[in-house]
Amino acid sequence: MVVYLIGAGPGDADLITLKAVKALNKADVVLYDYLANEEILAHAPEDAEKIYVGKKAGQHYKTQDQINELIVQQAKAHENVVRLKGGDPFVFGRGGEEILALMENDIKFEVIPGVTSAIGAPTSLGLPVTHRAVATSVTIVTGHEDPTKAESQVHWDYTADTLIILMGIGNIRQNTAEIMKYRDKQTPVCVIESGTLPDENVIFGTLENISEKDIQTPAILIIGEVVKLYKDIYNY
Ligand SMILES: C[S@@+](CC[C@H](N)C(=O)[O-])C[C@H]1O[C@@H](n2cnc3c(N)ncnc32)[C@H](O)[C@@H]1O
C-alpha cells in the first residue's frame, strides 16, 4: 500500500505533472477535492473508485479528520491510493496533516508537487510575480485563518514587494483595511477568478477599492507594483 499525495495544479487539467499522471494511471482509488479538476480523473483506470471528499470554503462535505481517516482506511484496503488536491498539496492544502495521519499508521506515501494557483494563475496570465527592478520578493498568505486559533499568525505588515492572498475574498474588506495601515491605498491590486479555467476572469483595482468589486470564488489577490507592470505591458 502506498498513498500518492498529488497536486492537481491550479485548474486547467493539462497543468498536472507527468509524475502525477503516472501515479494516477495505476490508482485503485482516487480521493479528490472540489478544486481538483475532474477531467484529471480520466488518467485513472476506468474501474478505479473515485471518491469526492469535497472541502469548499463554508461547505465542508467531510471534516479534515474524516478525510484523514478515509485515506488511511483506503490505504489499508488497496495497493495504490491517490489523494488528489487542488494546486500544490502543501500550499494551504492541509497535505501536511494528511501525511502525519499516514505516518501514525505506518503507511508509505509519496508527495507529488503541483503548480500552485498562487503562482500558476498569474504566470499563465503573463503576470510576473517578481520582476527585475519592480519586485524582488513575494509573500503568499491566507486571507482566512482557522477561527479556532488562540492567536492570529497573520500580521499584515509583510514587507515583500508582491503580496498574494489565497482564500481572501470572504474577509477582503477587513484584510485590505489592515494592509492599508502598511501600504499606500493606491497600491495596484489584481484579482484572478478561476485562474487557468474557461471562466477565468481578471479584475483590477487598488487596495482602497478592490473590496467594492463583485468577485466570484475561487480567486486570488495579487497586490503590488507587478500589477501595474502587467497592465502597462498589455495596455489594460
Ligand atoms: C484551500 S486553498 C488551496 C490552494 C491550493 N493548494 C493551491 O496550491 O493552489 C484554496 C484557495 O486557492 C485559491 N485558488 C485555487 N484554485 C484557484 C483558481 N483556479 N483560481 C483562483 N484561485 C484559486 C483560492 O484563493 C482558494 O480560496
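Selection within the range 37-65: residues that are among the aliphatic types (A, V, I, L, M) and modelled with pLDDT under 95. The member of this set that is surrounded by the most Cβ atoms within 10 Å (Cβ to Cβ) is V53.
Restricting to the range 109-137, give me the number of residues that are part of a loop (DSSP other than H, G, I, E, B) and more than 29 Å from L18 (Cβ to Cβ). Walk me through it before giving the result.
Start the filter on the range 109-137 by keeping residues that are part of a loop (DSSP other than H, G, I, E, B), which leaves 113-116, 126-130, 132-134, 136-137.
From the residues that got through so far, the ones that are more than 29 Å from L18 (Cβ to Cβ) too are 132-134, 136-137.
Total meeting the criteria: 5.
Close contacts from the range 1-28, counting a first residue that is over 11 Å from A44 (Cβ atoms) and acidic (D, E) and a second that is assigned to a loop (DSSP other than H, G, I, E, B) and within 16 Å of the ligand (Cβ to nearest atom), with Cβ to Cβ under 8 Å and a gap of 6+ residues or different chains, come to D12/N37; D12/T196; D12/L197.
Check I140, I67, I99 and return the single one that is touching a strand residue (DSSP E or B) at 6+ places or on another chain (Cβ under 7 Å), closer than 30 Å to I223 by Cα and either assigned by TED's automatic domain parsing to the domain that holds I6 or not in a helix (DSSP H, G or I) (or both). I'd like the intermediate steps shown before the answer.
On the way: I67 fails: closer than 30 Å to I223 by Cα; I99 fails: closer than 30 Å to I223 by Cα.
So the residue among I140, I67, I99 that is touching a strand residue (DSSP E or B) at 6+ places or on another chain (Cβ under 7 Å), closer than 30 Å to I223 by Cα and either assigned by TED's automatic domain parsing to the domain that holds I6 or not in a helix (DSSP H, G or I) (or both) is I140.
Please work out which residue is farthest from the ligand (Cβ to nearest atom), limiting yourself to the range 195-219 and to residues that are in a strand (DSSP E or B) and β-branched (V, I, T). Top of the filtered list is T206. Exactly one residue out of I222, I169, I165, I192 is in a strand (DSSP E or B) and free of Cβ contacts under 8 Å to residues at least 60 places away in the same chain: that is I165. All of K149, K181 fail the test of being loosely packed, with under 14 Cβ neighbours inside 10 Å, modelled with pLDDT of 95 or more and assigned to a loop (DSSP other than H, G, I, E, B), apart from K181.
So G126 fits all but one of (1) within 20 Å of D14 (Cβ to Cβ); (2) within 15 Å of the ligand (Cβ to nearest atom); (3) small (G, A, S); what number is the exception? Condition not satisfied by G126: (2). Taking D106, is it of a type in the set (D, E) and assigned to a loop (DSSP other than H, G, I, E, B)? The answer is yes for D106. For the range 215-225, the criterion of being surrounded by fewer than 17 Cβ atoms within 10 Å (Cβ to Cβ) and within 20 Å of T162 (Cα to Cα) is met by at least one residue.
Where residues in the range 120-149 are of a type in the set (A, V, I, L, M, F, W, C) and touching a residue at least 40 places away in the same chain (Cβ under 8 Å), which of them is nearest to S194 (Cα to Cα)? Even if it seems obvious, please write down each step before you answer.
Filtering the range 120-149 for residues of a type in the set (A, V, I, L, M, F, W, C) gives 121, 125, 127, 129, 133-135, 138, 140-141.
Retained after the next criterion (residues that are touching a residue at least 40 places away in the same chain (Cβ under 8 Å)): 121, 125, 127, 129, 134-135, 140.
On the way: A121: 8, L125: 12, L127: 15, V129: 18, V134: 26, A135: 24, I140: 18 Å.
It comes out as A121.
Looking only at the range 196-214, residues that are small (G, A, S) and either closer than 19 Å to H131 by Cβ or surrounded by fewer than 16 Cβ atoms within 10 Å (Cβ to Cβ) (or both) come to 0 in all.
The values are calculated or read from the model by the stated rules, or taken from the named source; none is laboratory data. Because the structure is a prediction, the values reported are computed rather than measured. Every residue, glycine as well, gets a Cβ built from its backbone with ideal geometry; the counts of neighbours run over all protein chains shown.
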